[in-house]
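Written below as structure tokens is the structure these notes are about.
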Amino acid sequence: NWTAHLHRLQDSAASIHIPFPVSSDELTRLVLETTRAGGHRDCLVRVFLSRGPGGFSVRPSECPTPHLYIIASCLGRPFMETHPEGARIRSSSIPLKSPFFARIKSCNYIPNVLMAWEAEQWGVDFTVSFDERNCLGEGATESAGLVMSDGRLLFPSLERVLPGTTMLRLVELVRENSDRTGLREAAFEDIPRARIAEAAEFILVGTTIDVASVVEFDGQPVGNGKPGPVAARLNQLLQEDIRTN
């Protein structure tokens, strides 16, 4: 939701010492004005905060005035609407970001771009990264999680991945709606690669894709090789929340 995105932006800016140029209320007003000006009910809003104009060195003191950019663009359809057969993914060769940078939402997207490039070159939908211990990380712009046969939904520990707002909201929804999802718990923990083979379902979660069901990982089927029922229930729950919360 908007508040979660706003707080993450403010926390990320503080981490890299960019002063926020407007209050939370003012930014909310500007985002609403920009959205209405676009004239479309369903759109994707991106808010960029920059150090602003200055010199070409690395010194922040050359950029005394931060700049804010708000962009509204067309929102595409969720992944499972355009790919009902599910997602095919592979392991990325791009190293996972260090903990400090992994938790900052920034435009330093070279690793993310390279992960998306790999997916295109390999003819799959997404790639996911692993850390030095071979534990699951994240996608280029997606959170990755496993549905275990014991009714647990697992996401990687938050020390090495971006705290995705959609992922965090989905965890809240699972904890509030166990009767609808069939899950008894949603948790964050280290996920060794071997646990993927034990999972009933593999999911990807993100602002633009909602919940995508992974049917193939590194050339091998996940579960029965078809989109999973838990992923479908999670996707429906998330979409209802987007429309009504």
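The table below gives the values:
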item	result
Dipole of the chain, positive direction: furthest Cα of Leu27, Gly145, Pro111, with charges on the beta-carbon	Leu27
Within the chain, helix-based [θ] at 222 nm, where runs of 4 or more DSSP H residues each add -39,500 (n - 2.57), nearest 500	-10500 deg cm²/dmol
With at most 14 neighbouring Cβ atoms within 10 Å, loop GluC sites (Glu not before Pro) (DSSP) excluded, longest segment of the chain	1-84
Solvent exposure ordering (accessible area, 1.4 Å, most first) of Thr65, Thr34	Thr65, Thr34
Along each principal axis, Cα extent of region 22-99, largest first, Å	51, 40, 21
Accessible area of the chain belonging to carbon and sulfur atoms, whole % at 1.4 Å probe	54 percent
Lys, Arg +1 and Asp, Glu -1 on Cβ, resulting dipole of the chain about Cα centre, debye, nearest 20	400 debye
For region 56-200, convex hull volume per residue from C-alpha positions, Å³	172 Å³
Over region 1-137 - Rg/Rh using Cα atoms and the Kirkwood inverse-distance radius	1.01
For region 60-111: rounded, prolate or oblate by the Cα gyration tensor [a/c cutoff 1.5]	oblate
Other-chain or far-sequence residues with amide H under 5 Å of Gly52's (modelled H)	His67
Accessible surface ranking that places the most exposed of Arg233, Arg59 first, with a 1.4 angstrom probe	Arg59, Arg233
With DNA, RNA and ligands ignored, accessible area of Lys97 (1.4 Å probe; Å², nearest 10)	50 Å²
Average accessible surface area per residue within the chain, 1.4 Å rolling probe, Å²	54 Å²
Residue among Leu136, Gly206, Ser157 farthest towards the positive dipole end of region 81-220, charges placed on Cβ	Ser157
Antiparallel DSSP beta bridges within the chain, as percent of all bridges there, nearest 5	70 percent
Along each principal axis, Cα extent of the chain, largest first, Å	55, 40, 31
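The values are calculated or read from the model by the stated rules, or taken from the named source; none is laboratory data. Because the structure is a prediction, the values reported are computed rather than measured. Positions of Cβ are generated from backbone atoms using ideal geometry, with glycine treated the same way; all protein chains shown enter the neighbour counts. To get the accessible areas, we keep the full protein, side chains included, count just its heavy atoms, and leave off ligands, DNA and RNA. Shrake-Rupley method; radii C 1.70, N 1.55, O 1.52, S 1.80 Å.
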